[in-house]
Amino acid sequence: MLRPKIPTMPTPVGVTAPPAIVQPTALESAPQTAMAPAAAPVVPTARPTVQITPGSVLAVAGASTAVVLVVGTVLVSMLLATAVTAASVAVCAVVVRSLLTSPNKRRR
């Protein structure tokens, strides 16, 4: 029941022929009668590739402001979490210390 079933390779059915052997043939090049025209030189354009518009400047400024706010929020929250953890560990240390020293005071 729990044994895996391994598939078996199917056996070929019917007559099978060996693969055909392809013989390479020699290629003959046609004689060139006409000269190919020379490629035209590429002329660079005078306009810049990046165009700065007031809208794109505002978009970049807005995106960078959003990134700074998000990163700042994450960093401040991590700092706050560290401070809360340190305060709780300090409170636990004070409680444990008082529990360990209180039996000594009662014996006297």
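A short reminder: the numbers here are calculations on the coordinates, not readings from a lab. These numbers come from a predicted model, not from an experiment. Because the Cβ atoms are built from the backbone with ideal geometry, glycine has one as well, and the counts that use them run over all protein chains shown.
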- Message: Suppose the chain between residue 101 and residue 22 were pulled fully straight at 0.36 nm per residue; how much longer would it get relative to their current alpha carbon spacing?
- Response: 18.9 nm
- In order through the stretch 78-90: 3J(HN,Hα) via Karplus (6.51 cos²θ - 1.76 cosθ + 1.60), integer Hz, x for Gly, Pro: 5, 5, 5, 5, 5, 5, 5, 5, 5, 5, 5, 5, 5
- For the residue pair residue 86 and residue 53, what label-to-label distance in nm results when each label sits 7 Å from Cα along the Cα-to-beta-carbon direction? 5.0
